[in-house]
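Enquirer: Let me give you the structure first, and then I'll get to my questions.
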Amino acid sequence: MMSAARVAITAVFALNGVLFASIFSRLPAIQERTNIGDGALGLALLCAMLGLLASQVLAGGLVARLGSRPLVIVGALGYAAGLVPIALSRSFGSLAASLAFVGLSNGLLDVAMNIHGLTVEKRLGRPILSTLHAAFSFGALGGAALGGIAAGAGVGVISHLFVVSAAGACWLLVAARFLLPPGADATPEGPLFAVPSRALALVGAFAFCALLAEGAVNDWAAVYIEGEVGAGEATAAAGLACFSLTMGLGRLFGDRLNEMFGAVRLARGGASLAAVGIGTALLAQSPAPALLGFGCAGFGLAALFPLALRAAAAKGETAGPSVAAVSAVGYLGFLAGPPMIGGIAELAGLRAGLVLLVVLCGVAALLGPAVRAPAAIRSR
């Protein structure tokens, strides 16, 4: 039962990555079809993030009352279905509304699938959450690759996203048969929202630092390598690829490292490695050390957010609202990071802006004790 449930929730995480990357890999075609500029596209994408944040706040209480399984199904089906109106959008308004719907669905799915993964993890008696996040990372890599192949082959964005939507819905319905029942993690008598205790606030601060750094590297690494280091466009793209690949590999091995060293040492070591990696990239005068630095940063940041979610479930009165609160704070950092770096870059240059990430990774290292694992898992 547990092995089947683990495979099923792993498939859901991978599906989330595929759907996410399918949209972003076809953004140029979506932008061309809607005939909007970069600024309008940025505002439309902001609608998706705002929808995600709004639904995450509500998702914790819904999971507490209904269990994670129904929310996983509703969120994933909504996310898959949302690709269709995105593909059909012909104006800014329709695209913004479609992306907002996708964000709402993704917010429900994100909280519910993490709670479900933690429930499976608890029953297995060993950490698996980082491996589940690795499935998302590799799903996103696969979705991006398929999107690139489709674009290169001249497949229209409508045909591409329709196929991904239908295949994703079928994928989810098969996986859903093997998920745990709703009663596995429903808490009908628990609170609907997390009490902002000091312990939970520290976990939220840790998640904020980790996801702000992750989001900023995703957005600015290629720009930095091309503009500040002087590399070509292909080499600049390789910097982001190195970061994404090591992020996926780090998550793949994160659970094993957690068992070997414990959550606190892993958090401190990972955040410190990320700080050193980003610092190395900022000191680089040629592409090779910059690529190495961002690769180290990906490996260091890989396990941090899963550690925060596990700690939130353990420290909060009820897992659903606690995970939702920490996840929302983390994604707030993911949302705030890129424009914050951009603002500093306008005043003092991009290198100076990215120094903030080194500082935040250092803060995350200091906050490492906040993500101490539950004794039942730590003792294994």
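Enquirer: Please indicate, with yes or no, whether at least one residue in region 94-102 is at pLDDT below 90 and closer than 27 Å to Ala303 by Cα. Break it down stepwise before answering.
Expert: Pass one, region 94-102, residues at pLDDT below 90: none.
Looking through region 94-102, none of the residues is at pLDDT below 90 and closer than 27 Å to Ala303 by Cα.
Enquirer: Still on this structure, I have one more. Ala324: closer than 30 Å to Gly61 by Cα, surrounded by fewer than 17 Cβ atoms within 10 Å (Cβ to Cβ) and outside the structural domain of Val120 (by TED's automatic domain parsing), yes or no?
Expert: On the way: closer than 30 Å to Gly61 by Cα: yes; surrounded by fewer than 17 Cβ atoms within 10 Å (Cβ to Cβ): no; outside the structural domain of Val120 (by TED's automatic domain parsing): yes.
The answer is no for Ala324.
Enquirer: Restrict the check to region 278-289 and report whether at least one residue is buried (at least 22 other Cβ atoms within 10 Å of the Cβ), under 19 Å from the mean Cα position of the chain (by Cα), part of a helix (DSSP H, G or I) and in contact (Cβ under 8 Å) with a residue 12 or more places away in the chain.
Expert: no
Enquirer: Looking at (1) more than 30 Å from Phe294 (Cβ to Cβ); (2) aliphatic (A, V, I, L, M); (3) out of contact with any helix residue (DSSP H, G or I) (no Cβ under 6 Å at 6 or more places or on another chain), which one does Ala241 not meet, given that it meets all the others?
Expert: Going through (1) more than 30 Å from Phe294 (Cβ to Cβ); (2) aliphatic (A, V, I, L, M); (3) out of contact with any helix residue (DSSP H, G or I) (no Cβ under 6 Å at 6 or more places or on another chain) one by one, Ala241 breaks only (1).
Enquirer: Could you please find all residues in region 5-28 being among the aliphatic types (A, V, I, L, M), more than 30 Å from Gly125 (Cα to Cα) and surrounded by fewer than 21 Cβ atoms within 10 Å (Cβ to Cβ)?
Expert: Scanning region 5-28 gives a single hit, Leu27.
Enquirer: Does Leu141 meet the test of being surrounded by fewer than 24 Cβ atoms within 10 Å (Cβ to Cβ) and touching a helix residue (DSSP H, G or I) at 6+ places or on another chain (Cβ under 9 Å)?
Expert: Values: surrounded by fewer than 24 Cβ atoms within 10 Å (Cβ to Cβ): yes; touching a helix residue (DSSP H, G or I) at 6+ places or on another chain (Cβ under 9 Å): yes.
Against the criterion (surrounded by fewer than 24 Cβ atoms within 10 Å (Cβ to Cβ) and touching a helix residue (DSSP H, G or I) at 6+ places or on another chain (Cβ under 9 Å)), Leu141 qualifies.
Enquirer: Is it the case that region 183-196 has a residue that's within 30 Å of Ala284 (Cα to Cα), modelled with pLDDT of 80 or more and hydrophobic (A, V, I, L, M, F, W, C)? Explain how you work it out, then say what you get.
Expert: Restricting attention to region 183-196, the residues satisfying the condition of being within 30 Å of Ala284 (Cα to Cα) are none.
Within region 183-196 (the criterion being within 30 Å of Ala284 (Cα to Cα), modelled with pLDDT of 80 or more and hydrophobic (A, V, I, L, M, F, W, C)), the answer is no, since none of the residues qualifies.
Enquirer: Restrict the check to region 160-176 and report whether at least one residue is surrounded by fewer than 24 Cβ atoms within 10 Å (Cβ to Cβ), more than 15 Å from the chain's Cα centre (by Cα), of a type in the set (Val, Ile, Thr) and under 18 Å from Ser89 (Cβ atoms).
Expert: yes
Enquirer: For region 224-256, which positions are touching a residue at least 60 places away in the same chain (Cβ under 8 Å), over 17 Å from Ser286 (Cβ atoms) and among the aliphatic types (A, V, I, L, M)?
Expert: Hits for region 224-256 are Leu245, Met247, Leu249, Leu252.
Enquirer: When region 252-265 is examined, which residues are found to be under 18 Å from Arg372 (Cα atoms) and surrounded by fewer than 24 Cβ atoms within 10 Å (Cβ to Cβ)?
Expert: Going residue by residue through region 252-265, those that are under 18 Å from Arg372 (Cα atoms) are 254-265.
Of everything in region 252-265, those that are under 18 Å from Arg372 (Cα atoms) and surrounded by fewer than 24 Cβ atoms within 10 Å (Cβ to Cβ) turn out to be Asp255, Arg256, Leu257, Glu259, Met260, Phe261, Gly262, Val264, Arg265.
Enquirer: Quick one: count up the residues across region 140-162 that are at pLDDT 90 or above and within 15 Å of Asp110 (Cα to Cα).
Expert: Qualifying residue count, region 140-162: 0.
Enquirer: Given the residues Ala325, Ala312, which is the only one that is within 17 Å of the chain's Cα centre (by Cα) and more than 19 Å from Val363 (Cα to Cα)? Please lay out each step first, then the result.
Expert: Details: Ala312 fails: more than 19 Å from Val363 (Cα to Cα).
Just a single option satisfies the conditions, and that option is Ala325.
Enquirer: Name the single residue that is modelled with the lowest pLDDT among those in region 239-255 being over 24 Å from Ala352 (Cβ atoms) and aliphatic (A, V, I, L, M).
Expert: To start, the set of residues in region 239-255 that are over 24 Å from Ala352 (Cβ atoms) comprises 241, 244-255.
Next, only the ones that are aliphatic (A, V, I, L, M) stay: 241, 245, 247, 249, 252.
Values: Ala241: 78, Leu245: 87, Met247: 90, Leu249: 92, Leu252: 92.
Within region 239-255, the match that is modelled with the lowest pLDDT is Ala241.
Enquirer: OK, next. Residues Ala328, Ala311, Ala275, Ala290: which one is modelled with pLDDT of 90 or more and within 23 Å of Met113 (Cβ to Cβ)?
Expert: Values: Ala328 fails: modelled with pLDDT of 90 or more; Ala275 fails: within 23 Å of Met113 (Cβ to Cβ); Ala290 fails: within 23 Å of Met113 (Cβ to Cβ).
Within the list Ala328, Ala311, Ala275, Ala290, the selection yields Ala311.
Enquirer: Moving on. Ser272 - would you say it is of a type in the set (Ser, Thr, Tyr) and over 30 Å from Cys47 (Cβ atoms)?
Expert: On the way: of a type in the set (Ser, Thr, Tyr): yes; over 30 Å from Cys47 (Cβ atoms): yes.
Yes.
The values are calculated or read from the model by the stated rules, or taken from the named source; none is laboratory data. None of the values given here were measured: they were computed from a predicted structure. With ideal geometry, Cβ positions are generated from the backbone for all residues, glycine too; neighbour counts draw on all protein chains shown.
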